[in-house]
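Have a look at this one.
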Amino acid sequence: MGPSGHASMPRVLVLGGSGFIGRHVVAALRVQGCTVAVGTRHPARHGGGDCRAVRMERLLHADDWAGLLRDCDVVVNCVGILRPRPGETWERVHHLGPRALASGCAGRGLRLVHVSALGLGSAARSGFLRSKRNGERAIRAAGGDWHIVRPSLLDGEGGFGARWLRRVARWPLHPLPRGATGRLAVLDVRDLGDAIARLVIEGGGDAREHELGGPQLRTLAEHLAALRRLSSPRPAYTLPLPDWLTRGVAHLCDLLHWTPLSYGHWELLRHDNCPRANALPALLGRTPRGVGLAPAPPSSPAADILPPCPDLPS
Ligand SMILES: NC(=O)c1ccc[n+]([C@@H]2O[C@H](COP(=O)([O-])OP(=O)(O)OC[C@H]3O[C@@H](n4cnc5c(N)ncnc54)[C@H](OP(=O)(O)O)[C@@H]3O)[C@@H](O)[C@H]2O)c1
């Protein structure tokens, strides 16, 4: 039964449904038989189907959402920006817009599934991470039927960061920041799409906040090495980079809008970025797909399931 109380599947608005995560959420929902509308800044570019013009930075009051939330039972928010653009600040896109959205959903009795991130500890210094943390707080405060999903790093087709990491993995020399010692629980974006579809359709029981990761824990160096093994039997040479240099390059990248490296990424890489309790196997009802592994034999051992991550920053 859909959240609207009808026996049919829910009608879902996927904000950022044109992005890496959003596209996989839309696909997973359609497979389940949901009617899906996509929210994007450029509806004309994504013609076909129900595409709605959404400018998160301009939708700052609950009433601003009234028209967009028409005919919906559930909203999934996959909107995110790595860097601010004129008029589109991190605060507006990650905090103030989602705050208004959460309040609009709560007022109409709609379920909201919000995609956030791991590693938003209170010590985070990057404006990117702080805005995402403020967004989470605002959604909790709005009340209603909200869910916050925090995936670790994602791998899959069509992701900007994922494409970069796959490219760097093929290089014979891997530049590796010395301080990037945090472990990642990289997950397959298709699994994230399936898990979010499950939350949309069934809710999460008593759980509201869902930390998600793949089955392997690896540092950035180990992740690159695993990706490389898929295309070459020869390990890459490594070039350790001092932290001051990585930090400087991250700031320069932010200034010039280059590559996926940013100060926020640098902060994330220095700490574990894996779930304390991985909700992914339970949401999927199966072992998550491995990332950077040769094609798996028909049955995967239960021991592959991710252990808890003990030392996350609070
Ligand atoms: N990728 C990862 O590994 C990863 C891991 C953990 C968490 N996350 C989080 O997940 C979220 C989505 O990530 P992603 O990798 O899917 O990013 P993405 O591919 O860049 O997609 C971002 C989406 O946001 C939309 N968007 C951007 N600015 C907007 C605005 N001002 N108003 C309305 N829509 C806007 C874009 O739609 P249009 O361009 O069509 O308007 C696009 O569909 C982010 O918050 C990110 O921090 C990502």
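Taking only the Cα atoms of the chain, how large is their convex hull per residue, in Å³?
Working: hull volume 43.6 nm³, N = 314.
Taking only Cα atoms, the chain has a hull volume of 139 Å³ per residue.
Now, a different point. About the Cα centre of the chain, how large is the charge dipole given +1 on each Lys and Arg Cβ and -1 on each Asp and Glu Cβ? Please answer in debye to the nearest 20.
Values: 40 positive and 26 negative charges, 150 e Å.
The calculation lands at about 720 debye.
At 20 °C and 1.002 mPa s, what whole-number value in µm²/s does Stokes-Einstein give for the translational diffusion of segment 49-94, with Rh from the Kirkwood sum over Cα pairs? If you can, show how the numbers build up before the last one.
Values: Rh = 12.0 Å.
Approximately 179 µm²/s, per Stokes-Einstein.
Report the full-extension gain for the segment ARG229 to TRP258: residue separation times 0.36 nm, less the Cα-Cα distance, to one decimal in nm. Provide the component values of the computation, followed by the final result.
Numbers: separation 29, 0.36 × 29 = 10.44 nm, distance 2.70 nm.
Working it through step by step, the gained length comes to 7.7 nm.
Right, next: Test of understanding: ordering HIS257, HIS94 by Cβ neighbours within 10 Å, fewest first, what list do you get? Walk me through the intermediate numbers first.
Working: HIS257 11, HIS94 29.
With the sparsest Cβ surroundings first, the list reads HIS257, HIS94.
Further question on the same structure: Quick check: net charge around VAL54, other residues with Cβ under 14 Å of its Cβ, Lys/Arg +1 and Asp/Glu -1? Mind dumping the intermediate values first?
Working: positive: ARG41, ARG45, ARG52, ARG55, ARG58, ARG70, ARG92; negative: ASP50, GLU57, ASP64, GLU88.
Value of the local net charge: +3.
Here's something else I'd like to know. Write down Rg/Rh for segment 35-180, rounded to two decimals, with Rg from the C-alpha atoms and Rh from the Kirkwood relation over Cα pairs.
1.01
Let me ask another. Among the GluC sites (Glu not before Pro) in segment 108-214, which ones are in a DSSP loop with at most 13 other Cβ atoms within 10 Å of the Cβ? Mind listing them? Working shown, then result.
Numbers: sites: GLU136, GLU157, GLU202, GLU209, GLU211; in loops: GLU157.
Here the GluC sites (Glu not before Pro) that fit, given the DSSP loop and packing criteria, are GLU157.
Another question, if that's okay. Work the Kirkwood hydrodynamic radius out for segment 1-94: mean of 1/r over every pair of different alpha-carbon atoms, inverted, in Å. Before the final figure, lay out each step's value.
Values: mean 1/r = 0.0720 Å⁻¹.
It works out to 13.9 Å.
Any chance you could run the full-extension gain for THR219 through ASP64? It's 0.36 nm times the residue separation minus the Cα-Cα distance, nm to one decimal.
Numbers: separation 155, 0.36 × 155 = 55.80 nm, distance 4.25 nm.
Taking THR219 through ASP64 to full extension adds about 51.5 nm, to one decimal.
So what is Rg over Rh here for segment 162-202, counting just Cα atoms and using Kirkwood for Rh? All intermediate terms of the calculation are to be shown ahead of the outcome.
Details: Rg = 15.4 Å, Rh = 13.1 Å.
My calculation puts Rg/Rh at 1.18.
Continuing with the same structure: Expressed in nm², what is the orientationally averaged projection area of the convex hull enclosing the Cα positions of segment 122-237?
Numbers: hull surface 36.1 nm².
The directionally averaged projection comes out at 9.0 nm².
Between ASP71 and ALA277, how high is the FRET efficiency from 1/(1 + (r/R0)^6) when r is the Cβ-Cβ distance and R₀ = 25 Å? Nearest 0.05.
The value I calculate is 0.10.
Ranking MET9, MET56 by Cβ neighbours within 10 Å, fewest first, what do you get?
Starting with the residue having the fewest Cβ neighbours, the order is MET9, MET56.
Output wanted: per-residue J couplings in Hz (rounded whole) for segment 253-258, from phi through Karplus 6.51 cos²θ - 1.76 cosθ + 1.60, θ = phi - 60°, x for Gly and Pro.
Ordered by residue, 3J(HN,Hα) equals 4, 4, 5, 9, 6, 9 Hz.
Show me 239-250, 216-227 ranked by packing, highest mean number of other Cβ atoms within 10 Å first. Don't skip to the answer; put the middle values down first.
Numbers: 239-250: 14.5, 216-227: 19.2.
Highest-to-lowest ranking by the protection proxy: 216-227, 239-250.
Round to the nearest 0.05 the FRET efficiency obtained for ALA27 and TRP244 when R0 = 51 Å and r is the Cβ-Cβ distance.
Details: r = 43 Å, r/R0 = 0.83.
Once rounded, the FRET efficiency stands at 0.75.
Just so you know, all these numbers are worked out from the coordinates, no wet-lab data involved. These figures come from a predicted structure and were not determined experimentally. Every residue, glycine as well, gets a Cβ built from its backbone with ideal geometry; the counts of neighbours run over all protein chains shown.
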